[in-house]
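Have a look at the structure below, then the notes.
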Amino acid sequence: MFERDDVDRAEPAHFGIHPDAFAEERPDPRPEEARRMGLSRHTEEGAVLYFASSLDRGKPAHRMMAWILLITFAAPVIYILLVL
């Protein structure tokens, strides 16, 4: 296996994760409850929450993505209510 000289050797617990992955370059947009529950962008639920909370309502593409997310998560509930 090839060794890279531009990064420090990873510890065994973090093997395979780039060292810069743990560095927070911008403020964390997650709500306080998500931080307390341990949801980070490295978990499935936390990644969706991190993505949704980083959307900017002033940008049209972000607004469209928010609508797509709303429809995606609300569609199964609406379908189940219609079937009942």
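The values are calculated or read from the model by the stated rules, or taken from the named source; none is laboratory data. Only a predicted model underlies this, so the values are computations on that prediction, with no experimental measurement involved. Just so you know, the surface numbers come from the protein's heavy atoms only, side chains and all, with ligands and any DNA or RNA stripped out. Shrake-Rupley method; radii C 1.70, N 1.55, O 1.52, S 1.80 Å.
Structure notes:
- Scanning the stretch 36-79 for residues that are in a helix (DSSP H, G or I) and open to solvent by 100 Å² or more (accessible area, probe 1.4 Å) yields a total of 11.
- With respect to (1) modelled with pLDDT under 80; (2) part of a helix (DSSP H, G or I), the lone exception for Glu24 is condition (2).
- Checked against (1) modelled with pLDDT of 60 or more; (2) open to solvent by 70 Å² or more (accessible area, probe 1.4 Å); (3) aromatic (Phe, Trp, Tyr), Phe15 passes all but a single condition, namely (1).
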